[in-house]
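Before any comments, here is the structure.
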Amino acid sequence: MIIKKETDISPLEITDEGLYVNRREFIAATAAIAITGAIPDLFAREGDADLKLNVGKSGAYTGGEKTTPVLDATHYNNFYEFSTEKEDVAERSKSFRTRPWTVSVEGHVNKPRLYDIDEVMKMFPLEERIYRFRCVEAWSMVIPWVGFPLGDFIKRCEPTSKAKFVEFTTLKDQKQMPGQTLDVLDWPYIEGLRFDEALNPLTMLAVGMYGKVLPSQNGAPLRLVVPWKYGFKNIKSIVRIRFVEQMPISAWMKANPREYGFYSNVNPEIDHPRWSQARERRIGEIAKRNTLMFNGYSEQVAHMYAGMDLRKYF
Ligand code: MTE
């Protein structure tokens, strides 16, 4: 058995189950409600705080589960570019600039292009979808995302038959993202999906949550939402989408291939090497619940993995 030195253990592996809202911010927010009677704008950010989202149709995918309070979803974040402390990300990402912002489409496509984010936001009708979100660290939330199917965007790029995987890259900017000065991960953050996973109707590119533009800490201005996979597949603040032939090596696979595989499908039967994945704590609840296969989305996604050994392809 390999025993890891403390310095080899990445912060993502350390589960802190107690505090999930930064006390300082939480107290400030509740005090503001008490004084003004209004809910403070948790989403306010320089530049695009006033942007209104025009959400059209909405689809509920969670079978009527209660959504996570917005204060929790926006103050308990994994976004290592800003901090490895979940309670600190909101504060540290406050002045993150999301305009101007471009997304570069590259690789095996007929239409490689540099898109402006404001163009992307108007390209497709925005819809709200309530999805379960299951972090690899065994906590979960239910979040109303606003966005559009990744598949719609992909079709517009006209991928060629050589495109077998889609690779996503986060912004690299040490000046704005102080976490990138630490070698916790090999920056920039990279994630990937197999082509059929990317085209699955559940897979979204999100530009908002709770009816508003995404706050920085949740991955503004554009992030991936893949609800049947562990949280870390949901890459934030995307600047590049590349169509490739080979399976991309994600930042987490590179950091620890034994613990983080390419697929990372939520699976209660396959334990993380150092903890069980059978149960999860829904943020805001005391009792743990059973984790569902594919996070409860088997009907929509299980067919993509038929015949695959999920222990090998974890
Ligand atoms: N994307 C980037 N660029 N950097 C990160 O550190 N963390 C991932 C994922 N996307 C991360 C990221 C992890 S581990 C999780 S659980 C989710 O974002 C958290 O998303 P949330 O803060 O919106 O809940």
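Bear in mind these aren't lab numbers, they're just calculated from the coordinates by the rules spelled out. Source: prediction; values computed, not measured. Methodologically, a virtual Cβ is constructed for each residue, glycine included, from the backbone with ideal geometry; neighbour enumeration extends over all protein chains shown.
When the square roots of the Cα gyration tensor eigenvalues are ordered a ≥ b ≥ c, the ratio a/c for the stretch 10-305 is under 1.5, which makes its shape rounded. Once both labels are positioned 7 Å from their Cα atoms along Cα-to-Cβ, the gap between residue 258 and residue 309 label points is 1.9 nm. Along the stretch 159-173 the Karplus relation, 6.51 cos²θ - 1.76 cosθ + 1.60 evaluated at θ = phi - 60°, assigns HN-Hα couplings of x, 8, 5, 7, 6, 9, 9, 10, 10, 10, 10, 8, 3, 10, 7 Hz to successive residues, with x for each Gly and Pro.
Here is the list for the stretch 254-310: GluC sites (Glu not before Pro) lying in DSSP coil, each with at most 16 other C-beta atoms within 10 angstrom of its C-beta, are 259, 269, 285.
Annotation: amide H-H contacts under 5 Å for residue 272 (H modelled 1.01 Å from N, sequence separation of 5 or more, or interchain): 277. Of the cross-linked pairs 86/312; 57/212; 66/229, those separated by over 24 Å at the C-alpha level are 86/312.
Nearest 5 percent is fine: what portion of the DSSP beta bridges confined to the stretch 10-305 is antiparallel?
Working: 39 of 49 bridges.
The answer is about 80 percent antiparallel.
Here the 3J(HN,Hα) profile of the stretch 194-201, calculated from phi with Karplus coefficients 6.51, -1.76 and 1.60 at θ = phi - 60°, is 5, 4, 5, 5, 5, 8, 4, x Hz, Gly and Pro shown as x.
Rank the residues 131, 313 as a footprinting-exposure proxy: fewest other Cβ atoms within 10 Å of their Cβ go first. Show your work: numbers first, answer last.
Numbers: 131 27, 313 12.
Final ranking by Cβ density, sparse to dense: 313, 131.
Using the Karplus relation 6.51 cos²θ - 1.76 cosθ + 1.60 with θ = phi - 60°, the per-residue 3J(HN,Hα) values for the stretch 74-87 come to 9, 9, 9, 10, 9, 7, 4, 5, 9, 5, 8, 9, 4, 7 Hz, with x marking Gly and Pro.
In this structure, the amide hydrogen of residue 107, modeled 1.01 Å from its nitrogen in the peptide plane, lies closer than 5 angstrom to those of 243, counting only residues at least 5 positions away or on a different chain.
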